[in-house]
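Input: a single structure, listed below in structure tokens.
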């Protein structure tokens, strides 16, 4: 039994781990439903439905708790940029899921924390140890195993998920700047409002809305997975420290691989599985190193 296993702090950490596992399962469900919806519904329509429900639920909860003052900020431009990056990432994810199986797509998205490390070293002049550089290089090699540019079925459009990694990294850097000044609830409100506003403006060019009830149910399910997943993620970080939880975000790769096999009948080949394992291992190692000196 771990030291202090009967203490409230240990019980809180176990609850945090359970919550983050449930959150990553929800995100795998989100990607699965988005892959199905993306094949039958115009991208902008699917995005609008997801963001509208997610922003409505989040906004109602935050405003009920904090009032309209939750919107107050001195950095509206930076919030608008964060919302634009969020909406752009959503569009790129929908398109990427049309091109790649879920497991491969999810594994490539796990490169984001390591790209943030690279940007922190080159743009913010933060010190990065040789071991962290080795993890970045290892994750890149893993990505090459997943994509395999020389493979016969390679298409240049398959590099879109890597562009999505860049957008996600920029989103995280903007987020890190905003959380120093604003409450997380303010970030959620602004990001949701901007995403809904942008997709609403684009609706005239979005294409036909679905007419089948089953497709509307699928879009609603996608929004539920997204809303519940982000809520569980927030709750998890309120029960345990980032150093404890971050490595467990990589369990999403396992859930995504299972979902790809169960829903779509896709089983990654040996080289792809090796690439996924390398990316997940390097990413988990990087987050462990990042948190080792920052205990809760």
| task | Please arrange 183, 269, 31 by counting, for each residue, the other beta carbons lying within 10 Å of its beta carbon, fewest first. | result | 269, 183, 31
| task | Mind giving me the FRET efficiency for residue 12 and residue 216? R0 is 35 Å, r the Cβ-Cβ distance, nearest 0.05 is fine. | result | 0.35
| remark: A chain fully extended from residue 203 to residue 61 at 0.36 nm per residue, minus the present Cα-Cα distance, gains in nm 48.5 nm
| message | Only counting other Cβ atoms within 10 Å, I'd like 200, 106 sorted with the fewest neighbours first. | response | 200, 106
| field | Per-residue Cβ neighbour rank within 10 angstrom, fewest leading, 13, 104 | value | 13, 104
| said: Run the simple label-point estimate for residue 80 and residue 266 please: 7 Å along Cα→C-beta, distance reported in nm. | reply: 3.7
| field | Segment residue 181-residue 162, length gained on full extension (0.36 nm per residue, minus Cα span) | value | 3.8 nm
| remark: Length-normalised contact order of segment 14-292, Cα under 8 Å, at least 6 apart, in percent, tallies to 45
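Throughout, read-outs are computed from the coordinates displayed, never taken from laboratory work. Computed from a predicted model, the values in this text were never measured in an experiment. Cβ atoms come from the backbone with ideal geometry, glycine included; neighbour counts cover every protein chain shown.
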